[in-house]
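The values are calculated or read from the model by the stated rules, or taken from the named source; none is laboratory data. All figures in this text were calculated on a predicted structure; none of them were measured in a lab. Here the Cβ positions follow ideal geometry from the backbone for every residue, glycine too, while neighbour counts run over all protein chains shown. Only protein heavy atoms, including side chains, enter the accessible area calculation; ligands, DNA and RNA are left aside. Shrake-Rupley method; radii C 1.70, N 1.55, O 1.52, S 1.80 Å.
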Amino acid sequence: MHCALASLEEMETALLLVRPHVPETPTSTHPTLDAELGCRIWLKHENETPAGAFKVRGGIVYLHELLKHHPDISGVIAASTGNHGRSIAWSARRLGLRCVIVVPIGNPVQKNEAIRALGAELVEHGSDFQSALEHSRELAAEERLHPVPSFHSWLVQGVATYALEFFRATPE
């Protein structure tokens, strides 16, 4: 699927959707890195989002847009090995949607636990991401769930809000 980069207008609109759920994350410098690299380094602490990663921003925007265009959706499914699954699980729970995340067998236990803790039903299938993705598409058809892709313009618009905040928070 072709996907263009998010425009400034799209990022600002997405930020209006994200902000009620994700407060602006801190941006700071790190003196040790500054000294090591010989320049000022700015860090954005996206680990402080509700799902622990910047991708939650994309999940919020994607599911908001999905429900705007298809209000009858009752559940979503996605393949993931970590942060995308956490993003969709967190966002789906906030919107009252059923959420199934398919991960490959052998996916890190901590990532699986984090996805479950955010409200998703976790399915382990296949030896790699591609196998998990193909199985998620089969389950989507069988269970009438909307398949959330790993890459989509709505996801990009949401995650781009992190960069918008970052550039506005750094004076240089």
Inset, instruction - Report yes if LEU145 is crowded, with 16+ Cβ neighbours inside 10 Å, on the phi < 0 side of the Ramachandran plot and out of contact with any strand residue (DSSP E or B) (no Cβ under 9 Å at 6 or more places or on another chain), otherwise no. - result: no
| request: Tell me, please, whether a residue that is loosely packed, with under 15 Cβ neighbours inside 10 Å and of a type in the set (Lys, Arg) can be found in segment 107-115. | output: no
TODO: For LEU63, state whether it is under 16 Å from PHE151 (Cα atoms), open to solvent by less than 80 Å² (accessible area, probe 1.4 Å) and assigned to a helix (DSSP H, G or I).
DONE: yes
Restricted to segment 114-165 and to residues being at pLDDT below 95 and of a type in the set (Phe, Trp, Tyr), the residue nearest to GLY82 (Cα to Cα) is PHE151
GLY158: passes all of (1) over 14 Å from the mean Cα position of the chain (by Cα); (2) buried (at least 18 other Cβ atoms within 10 Å of the Cβ); (3) farther than 15 Å from GLY52 by Cβ but (1)
Of the candidates GLU12, GLU36, GLU24, the one satisfying the condition of being farther than 21 Å from VAL100 by Cβ, touching a Leu at 6+ places or on another chain (Cβ under 8 Å), surrounded by fewer than 20 Cβ atoms within 10 Å (Cβ to Cβ) and not aromatic (Phe, Trp, Tyr) is GLU12
ask   = Looking at SER74, is it among the hydroxyl-bearing types (Ser, Thr, Tyr) and either over 20 Å from PRO147 (Cβ atoms) or surrounded by fewer than 19 Cβ atoms within 10 Å (Cβ to Cβ) (or both)?
value = yes
Exactly one of GLY126, GLY52 is surrounded by fewer than 20 Cβ atoms within 10 Å (Cβ to Cβ), in contact (Cβ under 8 Å) with a residue 40 or more places away in the chain and either touching a Lys or Arg at 6+ places or on another chain (Cβ under 9 Å) or small (Gly, Ala, Ser) (or both), and that one is GLY52
Residue set LEU118, LEU133; condition touching a Phe, Trp or Tyr at 6+ places or on another chain (Cβ under 6 Å) and either within 27 Å of GLU46 (Cα to Cα) or open to solvent by less than 40 Å² (accessible area, probe 1.4 Å) (or both); output residue LEU118
Output for Cβ contacts, cut-off 8 Å, separation at least six or different chains, first residue more than 12 Å from GLY58 (Cα to Cα) and in contact (Cβ under 8 Å) with a residue 40 or more places away in the chain in segment 141-165, second in a helix (DSSP H, G or I) and among the polar types (S, T, N, Q), reads PRO147/SER136
